[in-house]
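The values are calculated or read from the model by the stated rules, or taken from the named source; none is laboratory data. This is a predicted model, so every value here is computed, not measured. Cβ coordinates were reconstructed from backbone atoms using ideal geometry, including for glycine residues, and neighbour counts include every protein chain displayed. When the accessible area is computed, the model is the full protein with side chains, heavy atoms only, and any ligands, DNA or RNA have been set aside. Shrake-Rupley method; radii C 1.70, N 1.55, O 1.52, S 1.80 Å.
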Amino acid sequence: MEADNSKQPERKSLDDRNRMTELERLRHSCAHVMAAAIAKLWPDAQFAAGPAVENGFYYDVELEHRITPEDFAAIEAEMKKEIKANRPFEKVIVTREQAMKDAQSGRLGALGERNISSKFKLGNLADIPEGEAISYYKSGDFIDLCAGPHVMRTGNIGAYKLTSVASAYYKGDEKNPQLQRIYGTAFKNKTELEAYFKMIEEAKRRDHRRIGAEMGLYVIDTEYVGPGLPLWLPKGGEIVEELEKLAKETEFQAGYVRVKTPHIAKEVMYKTSGHLPYYAESMFPPMELREGAGEVSKNRVAGPAGTEEAPIKYYLKAMNCPHHHRIFAAEPRSYRDLPLRLAEYGCCYRYEQSGELFGLMRVRSLNMNDSHIYCTPEQFAQEFNAVNEMYLRYFKIFGIEKYVMRFSTSAPEGMGKKYVGEPELWKQTEDMVRQVLIDSKINYVEVPNEAAFYGPKIDVQVWSVIGREFTLATNQVDFAVPKRFGLTYRDRDNTDKTPLCIHRAPLGTHERFIGFLIEHYAGNFPLWLAPQQVRVLPVTDDQIDYAKGIAKELRSQFVRVDMDVTGDKIRGKIQKAETEKIHTMLIVGGREQESNAVAVRVHGKGDQGVKPRTEVIADILQAIKERRP
RNA sequence: GCCGGCUUAGCUCAGUGGUAGAGCAGCUGAUUUGUAAUCAGCAGGUCGUCGGUUCAAGCCCGACAGCCGGCUCCA
């Protein structure tokens with residue numbers, strides 16, 4: 001079982017294994033039991049790896065028979081026998097020679113010898129470094145190459161269930177054979193197993209795709225618009241507007257200036273930036289125009305562009321940086337102009353593979369909370385730090401507590417290939433970034449060999465309440481592309497120098513950020529963000545005029561408010577407003593009208609009592625203004 | 001892109017080869033109501049698309065598209 005899951009390409013060390021929790025041991029043991037059951041039903045099954053994972057375990061198997069959920073009952077029945085038999089898990093240390101011999105005779109990951117070799121186990125064996133002990137774990141007749149650890153006996157597996165089947169490549173490599181990955185989960189007892197499935201149900205209810213549809217936030221019209229191209233409905237549009245307002249205010253105060261750039265650019269733009277041809281397949285195919293031949297010479301494109309034979313290509317932009325670089329280049333720059341912070345909510349298009357698309361979280365059109373900060377090396381640390389502080393400020397507003405800054409750096413083997421070949425600059429900027437992170441005491445992990453081609457980056461990983469992990473935001477250093485575009489500023493010493501560039505997007509993209517927020521809040525947005533903030537509910541038609549007055553007053557203060565003037569009973573109106581997750585309900589009956597008051601009810605919090613009208617309105621305005629959580 | 005599953009009314013879903021159903025939403029009317037659903041009526045579908053098997057297909061088979069679960073990928 002030993003190959004790791006693809007997120008961690010390195011093998012787990014024996015130390016790591018010994019740190020496995022009791023639950024992980026139990027789940028890993030359950031994977032063995034499942035493998036034994038599958039081997040009993042289909043003796044020619046070839047097993048690869050079967051680790052414990054976050055919510056359970058899986059085992060990868062190659063098998064002619066396509067396992068479907070219909071087979072689960074039969075497999076679980078065999079597992080039940082194993083667990084009932086309460087067999088011990090016996091560890092056996094063997095020599096490499098013995099292990100090779102057994103793998104060749106098909107004995108590993110099997111109930112007995114076979115006339116086929118245990119081919120994936122042979123491959124796994126080759127990954128075990130010289131000098132590390134090689135061990136089997138044996139339960140009944142089932143013997144598997146495995147470093148363990150396990151629970152003592154099969155009977156310790158209290159409650160389990162197979163959950164799904166998917167496919168996976170052997171060792172996570174696309175070039176390797178595709179295996180069937182059978183997922184299951186296991187717990188100490190039935191109560192915990194049931195609690196887990198309850199949690200899954202809750203997660204489904206919070207799913208942004210479900211809430212997004214229920215609340216009318218967005219649609220993806222695959223028939224007319226296309227997969228991965230969300231349409232913001234008016235209510236989703238309100239959230240977009242609020243986020244942009246927040247970003248614009250924050251950036252204005254932080255000394256940013258706003259720009260606006262087109263969605264397309266000529267091929268030369270991306271040749272110069274270096275994005276072509278390396279990222280061409282992640283971009284939408286170009287449009288070809290047969291005009292503009294005269295402009296070509298200064299763009300360094302060979303041949304008669306703009307003609308029938310060599311049309312000029314235009315690409316939908318997949319990133320905003322090149323456009324911003326051209327804005328930098330549009331005027332001569334002095335060191336006195338720096339730092340120059342260009343900000344834009346820019347709409348980019350990325351041709352994500354069809355299987356990657358996922359609700360709002362992974363889309364093909366994305367609005368980035370983008371900015372490029374051009375600065376001198378002396379200004380770098382302060383600018384970078386200010387960006388980090390902006391992140392933290394945002395996270396506080398949204399109550400995002402669980403996050404990790406992932407600091408991606410280069411690796412010597414990629415120098416000049418995956419990364420621009422400037423080892424000195426790499427080291428320098430990586431040191432600068434690391435120092436800022438250390439100085440600001442930010443929780444971060446360093447991941448070598450994951451940097452962008454133009455510099456190190458920090459990705460902000462967050463977890464939605466339902467456990468999905470996402471890169472929400474990104475903060476990157478670029479010391480290469482400004483040079484490629486020939487960007488310079490005139491320094492104090494009257495020489496031209498290339499600026500450093502910080503790419504940053506603390507609010508990520510509208511799509512992913514709002515997708516995340518929907519799950520984060522379960523659709524119950526704070527007042528300032530709520531697509532619909534207030535609804536006035538007259539108890540009878542006699543209060544309609546009074547209600548209208550309140551709604552009008554709120555609307556004049558830019559509060560998103562409406563009224564329910566249907567013939568429903570007040571209970572019905574409340575039910576409807578609660579279902580629609582409207583933040584504040586102002587209920588007005590005869591009593592309120594007489595005393596110029598309103599009865600306040602807050603979504604999910606119930607009746608807040610009757611208060612004077614002016615007080616309630618002032619409080620609503622104040623809560624919005626301070627973006628109260 | 002790869003493997004598997006799914007696709008029936010705006011939404012959630014029922015319908016195991018014999019001429020399509022429910023609840024909610026919608027529309028119309030009645031009801032004037034005090035903190036999570038007032039009543040009645042109406043309307044709504046060439047069952048994802050195309051092809052095949054069959055006397056007969058929502059149901060069986062095939063192709064394609066989209067979605068879902070993973071894998072791979074993510075400037």
Members of the range A:138-190 that are more than 9 Å from RNA strand B (Cβ to nearest atom), among the β-branched types (Val, Ile, Thr) and touching a strand residue (DSSP E or B) at 6+ places or on another chain (Cβ under 8 Å)
A:Ile143, A:Thr154, A:Ile157, A:Ile182, A:Thr185
Subset tally (residues that are farther than 24 Å from A:Tyr169 by Cα and touching a helix residue (DSSP H, G or I) at 6+ places or on another chain (Cβ under 9 Å)) for the range A:113-133
4
Matching residues, the range A:570-606, being in contact (Cβ under 8 Å) with a residue 24 or more places away in the chain, on the phi > 0 side of the Ramachandran plot and in contact with a Pro (Cβ under 9 Å, 6 or more places away or on another chain):
A:Lys581
Can you name the number of the only condition in (1) outside the structural domain of A:Ala77 (by TED's automatic domain parsing); (2) near RNA strand B (Cβ under 10 Å from one of its atoms) that A:Lys198 fails?
(2)
One residue is enough: does the range A:181-202 have a residue meeting the conditions free of Cβ contacts under 8 Å to residues at least 12 places away in the same chain and in a strand (DSSP E or B)?
no
Pick from the range A:167-180 the residues that are touching a helix residue (DSSP H, G or I) at 6+ places or on another chain (Cβ under 9 Å) and free of Cβ contacts under 8 Å to residues at least 24 places away in the same chain: which of them is most open to solvent (accessible area, probe 1.4 Å)?
A:Gln178
Those helices (runs of 4 or more DSSP H) lying entirely in the range A:57-154 with at least 3 residues surrounded by fewer than 16 Cβ atoms within 10 Å (Cβ to Cβ) and without any contact (Cβ under 8 Å) to a residue 60 or more places away in the chain
A:72-85, A:96-104
Answer yes or no: is there a residue in the range A:76-95 that is within 15 Å of RNA strand B (Cβ to nearest atom), β-branched (Val, Ile, Thr) and assigned by TED's automatic domain parsing to the domain that holds A:Ala168.
no
Taking the range A:249-295, which residues are touching a residue at least 12 places away in the same chain (Cβ under 8 Å), farther than 17 Å from A:Pro311 by Cβ and open to solvent by 90 Å² or more (accessible area, probe 1.4 Å)?
A:Arg258, A:Lys260, A:Tyr278, A:Tyr279, A:Glu281
Quick one: A:Tyr391 ticks every box in (1) in contact with a Pro (Cβ under 7 Å, 6 or more places away or on another chain); (2) in contact (Cβ under 8 Å) with a residue 60 or more places away in the chain; (3) open to solvent by 30 Å² or more (accessible area, probe 1.4 Å) except a single one, so which number is it?
(3)
Taking the range A:306-351 and keeping residues open to solvent by less than 40 Å² (accessible area, probe 1.4 Å) and among the charged types (D, E, K, R) leaves A:Lys317, A:Arg333, A:Glu344
Subset of the range A:472-506, residues among the hydroxyl-bearing types (Ser, Thr, Tyr), touching a residue at least 40 places away in the same chain (Cβ under 8 Å) and surrounded by fewer than 17 Cβ atoms within 10 Å (Cβ to Cβ), comes to none
Scan of the range A:201-229 for residues that are surrounded by 14 or more Cβ atoms within 10 Å (Cβ to Cβ) and of a type in the set (A, V, I, L, M, F, W, C), ordered by number
A:Ala203, A:Ile211, A:Ala213, A:Met215, A:Leu217, A:Val219, A:Ile220, A:Leu229
Counting only residues that are in a loop (DSSP other than H, G, I, E, B), more than 9 Å from RNA strand B (Cβ to nearest atom) and of a type outside the set (Ser, Thr, Tyr), how many does the range A:448-494 have?
15
Any residue that is of a type in the set (Asp, Glu) and under 26 Å from the mean Cα position of the chain (by Cα) - is there at least one of those in the range A:164-179?
yes
I'm trying to understand the selection: among the residues of the range A:221-240, which are within 18 Å of A:Glu356 (Cα to Cα) and in contact (Cβ under 8 Å) with a residue 60 or more places away in the chain?
A:Gly226, A:Pro227, A:Gly228, A:Leu229, A:Pro230
Which residue out of A:Ile438, A:Ile400, A:Ile373, A:Ile442 is more than 14 Å from RNA strand B (Cβ to nearest atom), within 18 Å of A:Phe516 (Cβ to Cβ) and out of contact with any Ser or Thr (no Cβ under 7 Å at 6 or more places or on another chain)?
A:Ile400
From A:Arg571, A:Arg560, A:Arg555, grab the single residue that is of a type in the set (D, E, K, R) and more than 37 Å from the chain's Cα centre (by Cα).
A:Arg571
Matching strands (runs of 3 or more DSSP E) fully within the range A:518-625 where at least 1 residues are more than 26 Å from A:Gly236 (Cα to Cα) and within 12 Å of RNA strand B (Cβ to nearest atom)
A:534-538, A:584-588, A:597-602, A:606-612
